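What follows is a short report on a single structure.
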Amino acid sequence: EAAVTQSPRNKVAVTGGKVTLSCNQTNNHNNMYWYRQDTGHGLRLIHYSYGAGSTEKGDIPDGYKASRPSQENFSLILELATPSQTSVYFCASGDAGGINYAEQFFGPGTRLTVL
Amino acid sequence: GDSVTQTEGLVTVTEGLPVMLNCTYQTAYSDVAFFWYVQYLNEAPKLLLRSSTDNKRTEHQGFHATLHKSSSSFHLQKSSVQLSDSALYYCALSSMATGGNNKLTFGQGTVLSVIP
């Protein structure tokens, strides 16, 4: 069954520490996305990728880096975590192509708490 | 850039009654596609329905929506809600503003709470 999986599902980090969130997809989609979800803000795009080796800045990239080493894997990296980055993070994958193919398939989310 | 507005943060409806969740948008492009996602508690968002055709009603799982480009709206409706419809609902837009990379612009989300 095609799916998007994320690890870890829950993470507690300390301020100033490095955090890596991982995402794997078996949908064979070219595009992958990282969002954070906060009450009142909805889903906000952090970084996205068109394919292996590519990363692009989304709407709120500050404080985050991304890495796409393969078609299947897309990581979000917080080099110096801050309490303001406490949130739920979702990874998604989607087809390339026209706007009618813009459906995205989401992973289960990672709840990150930065103390 | 594109923007999507969901004006209600929380909508509370009694079971069996109708509901409409509002979604309006701004974009400079005429070619647009719209999506409604539903997210149940502690689950991932998943697609509920989509549309890119003006004035055409789209239905799925008892919900329906019609894209009205004249009023820049894509409201979600259901004639009789069930307790199981309680969830967070997102409206999202894709347009050529994203350069064909299929980014979605999401609204802020509306929590639908169905009470007995």
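The values are calculated or read from the model by the stated rules, or taken from the named source; none is laboratory data. Computed from a predicted structure; not experimentally measured. A quick note on method: Cβ atoms are made from the backbone with ideal geometry, for glycine too, and the neighbour counts reach across all protein chains shown. These accessible areas exclude ligands, DNA and RNA; they are computed on the full protein's heavy atoms, side chains included. Shrake-Rupley method; radii C 1.70, N 1.55, O 1.52, S 1.80 Å.
Going by what's in this entry, would A:Tyr64 be described as in contact with a Lys or Arg (Cβ under 7 Å, 6 or more places away or on another chain), away from chain B (no Cβ under 11 Å) and modelled with pLDDT of 95 or more?
No: the conditions fail for A:Tyr64.
Here is a yes/no grid of residues against (1) under 29 Å from B:Gln6 (Cα atoms); (2) open to solvent by 70 Å² or more (accessible area, probe 1.4 Å):
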residue	(1), (2)
A:Ser7	no, no
A:Thr15	no, yes
A:Arg36	yes, no
A:Thr39	yes, yes
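In the list B:Val4, B:Val32, which residue meets the criterion of being of a type in the set (A, V, I, L, M), in contact with a Gly (Cβ under 6 Å, 6 or more places away or on another chain), within 11 Å of chain A (Cβ to nearest Cβ) and buried (at least 20 other Cβ atoms within 10 Å of the Cβ)?
From the options B:Val4, B:Val32, the qualifying one is B:Val4.
Condition check ((1) within 12 Å of another protein chain (Cβ to nearest Cβ); (2) under 12 Å from the mean Cα position of the chain (by Cα); (3) open to solvent by less than 10 Å² (accessible area, probe 1.4 Å)) across all residues:
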| position | (1), (2), (3) |
| --- | --- |
| B:Leu67 | no, yes, yes |
| B:Ser73 | no, yes, yes |
| B:Leu76 | no, yes, yes |
| B:Tyr90 | yes, yes, yes |
| B:Leu93 | yes, yes, yes |
| B:Met96 | yes, no, no |
| B:Lys103 | yes, no, no |
| B:Val111 | yes, yes, no |
| B:Ile115 | no, no, no |
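Among the residues of the range B:35-56, write down those that are among the aliphatic types (A, V, I, L, M) and surrounded by 13 or more Cβ atoms within 10 Å (Cβ to Cβ).
Within the range B:35-56, the subset among the aliphatic types (A, V, I, L, M) is B:38, B:41, B:44, B:47-49.
Selection gives B:Val38, B:Ala44, B:Leu47, B:Leu48, B:Leu49.
Can B:Asp85 be described as surrounded by fewer than 15 Cβ atoms within 10 Å (Cβ to Cβ) and among the acidic types (Asp, Glu)?
Taking the combined requirement at face value, the residue does not satisfy it.
Consider only pairs whose beta carbons are under 7 Å apart and that are at least six residues apart or on different chains; among these, list those whose first residue lies in the range B:39-55 and is under 18 Å from B:Phe74 (Cβ atoms) and among the acidic types (Asp, Glu) and whose second residue is open to solvent by less than 90 Å² (accessible area, probe 1.4 Å) and not in a loop (DSSP other than H, G, I, E, B).
Partner pairs satisfying both residue conditions: B:Asp54/B:Leu67.
Which of the strands (runs of 3 or more DSSP E) contained wholly in the range B:22-116 include at least 3 residues that are closer than 30 Å to A:Lys57 by Cα and of a type in the set (A, V, I, L, M)?
B:32-39, B:46-51, B:87-95
Which pairs do you get when a residue that is more than 8 Å from chain B (Cβ to nearest Cβ) and farther than 12 Å from A:Gln25 by Cα, found in the range A:86-99, comes within reach of a residue that is assigned to a strand (DSSP E or B) and of a type in the set (Phe, Trp, Tyr), reach meaning Cβ atoms under 8 angstrom, with the pair 6+ apart or on two chains?
Taking only residues 6 or more apart or on different chains, the pairs are A:Tyr89/A:Trp34; A:Tyr89/A:Tyr35.
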